[in-house]
Each structure stands twice: as structure tokens, then as C-alpha cells.
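Engineer: This is the structure I want to talk about, given as C-alpha cells.
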Amino acid sequence: MSYRDCIDLSSLVSTDRPQGLLIPRFPTSPLTRFFDWRERARGRRVLRELDDRILRDVGLSRADVDHECVKHFWQP
């Protein structure tokens, strides 16, 4: 049996919680947050450059893209 099998971390990362119960979470490091923001900005930049034919293939409209691309890099 490995060390991982002995520890249940699901309560630390769960998003649904009973009313009034606070579940501790691992803090996100500033470096991780920076890389997430950078990837989000890059993804939106690439999305903005796609033509309408490709957007139609993936089920998006130009309005969907415009709505996503006006968000700031820190907004999910």
C-alpha cells in the first residue's frame, strides 16, 4: 500500500460543501496563478484570431468569442 492510498485529500479540494462547513484548501502559489493567467490570456488571444469557419466547427459564434475576449486575464 502506498502513502497516497492512506490519505484522503478529497475534502481539501471539494467544491460542494454542506451549509456552514468550512473546508480548508491548499493556497495557490503566486507562480501558479501567474502561469494560469498567462495561459488564459494566450488562449483568448488565439481564440480571437480564429476565423468564422473554425469557430462554427467547434460550435462557437463570433459573439461568444467577443464575450470571452473582453474579460480580463484574471477572470475565469
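The values are calculated or read from the model by the stated rules, or taken from the named source; none is laboratory data. It should be emphasised that the depicted structure is a prediction, and the values quoted were computed from it without experimental measurement. Note: ideal-geometry Cβ built from the backbone for every residue, glycine included; neighbour counts use all protein chains shown.
Engineer: For the stretch 49-68, which positions are within 18 Å of the chain's Cα centre (by Cα) and exposed (fewer than 13 other Cβ atoms within 10 Å of the Cβ)?
Structural biologist: Across the stretch 49-68, the qualifying residue is only His67.
Engineer: Restricting attention to the stretch 39-64, report how many residues are closer than 15 Å to Gln75 by Cβ and β-branched (Val, Ile, Thr).
Structural biologist: 0
Engineer: Exactly one condition in (1) modelled with pLDDT of 80 or more; (2) outside any helix (DSSP H, G or I) is not met by Arg40; state its number.
Structural biologist: Every condition holds for Arg40 apart from (2).
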